[in-house]
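For reference, the structure discussed in these notes is given below.
What follows draws every value from the coordinates through simple rules; no lab data is involved. Please read all numbers here as calculations on a predicted model, not as lab measurements. All Cβ positions, even for glycine, are placed from backbone atoms using ideal geometry, and neighbour counts span all protein chains on display.
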């Protein structure tokens, strides 16, 4: 079968077929609307935006729009987006970067500017730019913003950020506005702060640059930050664990540090003893090497339980809403007659290559292969077979098919 590119055009808000989210504007045109339109066009709520950075892909996020009116981003007569620098234009400008073309011995090759550079060492900030989802660090930066900080965290805005600039992404690193300073364009102290976090379910590289982390950053020191001492993500993770009885025990995770001081780290999706959400990272099975943590929960908890902006009258508790995009990978959980379950975790690791042969036992930095596709070949009440597409490196490599043997449960 030869692949063929097809163009699909979708018409929305067609006359006579309007859906509930279609709004008819004064010009007679109907446009699809969402939360930003519903609460922002009439200024019932103000909105800001903070996103990750292509240049600092493993560290924090950058403010793209201060919390202010959304109304100027939409033409009030036609409903068309105005093109004004803001939330819509930023999201529209986001693109894949460093995906390049090469003619290799007469063959057209497209690949990420990355690949096998990182087969024996941990990924560094600024490389393999499409990898990295430091959710907790972005949430920490958002809490700092609501706290009235005037400048961003230095590590999060390091360098000149040429990739972001090439996409035309706005950068308000030099113009943070205190959302509760009415003299500088802020709002009354009674305005309630919220953060909406949109991400897939696997944060990565977000465990080392948040205050109180159990893990040192890439320079070998513990991050401190400039927020109140009560914002200690490890201790907050301990507190959350007290209310989650299923946490203590054996879990698939890349790294675990116990309160006793014992550590387990092999960056594979293997079962390890866990006693707190505050001391584990490397979410399994998809990304056990990528240092993703549960610190997003710690930060959401702290923001809700504390007065974030101590310089404003009243109490400003930040409430967090999360939109988690589900994993494309299935959970293979097989029920047994005794009421227990068998869980299968597909796992592969590249421990040798024709380019850089490894003869010694594998190390944690050799690629734990990403699961790209998962197919069920056959399935019955007592047996099944599966086909898995692994990526032989963790960032920007090629794919390798790996059939799982037939599985039979007596």
As a test of understanding, state the convex hull volume per residue of the stretch 32-186 from its alpha carbons, in Å³. 146
Cα pair distances exceeding 43 angstrom across the chain, given as percent: 20
To the nearest 10 degrees, how steeply does helix 135-146 sit against the main Cα axis of the chain, on a 0 to 90 scale? 20
Neighbour-count ranking for 24, 10, 308 (other C-beta within 10 angstrom, fewest to most) reads 10, 24, 308
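By counting other Cβ atoms within 10 Å of each Cβ, how are 259, 89 ranked from fewest to most?
Values: 259 10, 89 18.
Listing 259, 89 from fewest to most nearby Cβ atoms yields 259, 89.
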Normalised contact order of the chain, rounded percent, pairs of Cα under 8 Å and 6 or more residues apart: 13
Treat each spin label as a single point 7 Å out from the Cα along the C-beta direction, and report the residue 69 to residue 341 distance in nm. 5.1
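As a test of the definition: which semi-axes, in Å, follow for the stretch 101-236 when you take the square root of five times each eigenvalue of its alpha carbon gyration tensor? Largest first, please.
In descending order, the three semi-axes are 34, 21, 13 Å.
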Assuming 0.36 nm per residue, please report the length gained on full extension of the stretch residue 258 to residue 121 beyond their Cα-Cα distance. 46.8 nm
How would 46, 337 line up from fewest to most surrounding beta-carbon atoms within 10 angstrom? 337, 46
Say each of residue 15 and residue 192 gets a label point 7 Å from the Cα, pointing the same way as Cα to Cβ; how far apart are those two points in nm? 4.1
Could you work out how far helix 295-305 tilts from the main Cα principal axis of the chain, as a 0 to 90 degree angle to the nearest 10? 30
Stretch residue 222-residue 322 to full length: gain in nm at 0.36 nm per residue minus the Cα-Cα span? 33.3 nm
Could you give the length gained by full extension between residue 351 and residue 80, i.e. 0.36 nm per residue of separation minus their alpha carbon distance, to one decimal place? 92.3 nm
Rounded to the nearest 500, the 222 nm mean residue ellipticity computed for the chain from DSSP H runs (n ≥ 4, each -39500 (n - 2.57)) alone is -3500 deg cm²/dmol
If you split all Cα-Cα distances of the stretch 254-317 into 5 Å bins from zero, what percentages do you get per bin, shortest first? 4, 18, 19, 16, 12, 9, 9, 7, 5, 1
Rounded to the nearest 0.05, what FRET efficiency do residue 107 and residue 2 have when you use their Cβ-Cβ distance and R0 = 25 Å? 0.90
Dividing the Cα radius of gyration by the Kirkwood radius, what Rg/Rh value follows for the stretch 1-65? 1.18
